[in-house]
1. Being touching a residue at least 24 places away in the same chain (Cβ under 8 Å) and acidic (Asp, Glu) is the filter here, so list the residues in segment 27-76 that pass it.
2. Can you pull out every residue in segment 41-76 that is part of a strand (DSSP E or B) and farther than 17 Å from Met29 by Cα?
3. For segment 30-44, give me each residue that is within 11 Å of Cys75 (Cα to Cα) and surrounded by 13 or more Cβ atoms within 10 Å (Cβ to Cβ).
Amino acid sequence: MKRKLFYRVSILIATIPLFTACEGLDDCMVCQLNTYENGVLIIQGIETEYCGPELAVIRATPAENDPPYVYRWDCY
């Protein structure tokens, strides 16, 4: 009886990762490339979800200044 219970619990523990969503494991955010003129938002980019390495690259990208415009990734 204890042996059967042990095997059932072991199988249950081994299969739990199969039921979790992969997306929950990655750091994901919704980002968009926006254009500002003199600090005022003039063009709003399309919202897209980025995860993992793509998100790291976007978050590491500095704002690009081309006076009077600033191009910046905004993530939330």
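Just so you know, all these numbers are worked out from the coordinates, no wet-lab data involved. Since this is a predicted model, take the numbers as computed values, not measurements. Counting neighbours? That spans all protein chains shown, and the Cβs are built from the backbone with ideal geometry, glycine included.
1. Asp27, Glu37, Asp74
2. Step one: list which residues in segment 41-76 are part of a strand (DSSP E or B), which gives 41-43, 48-51, 64-66, 69-75.
Listed by number, the residues that qualify are Leu41, Ile42, Ile43, Glu64, Asn65, Asp66, Tyr69, Val70, Tyr71.
3. Cys31, Gln32, Leu33, Asn34
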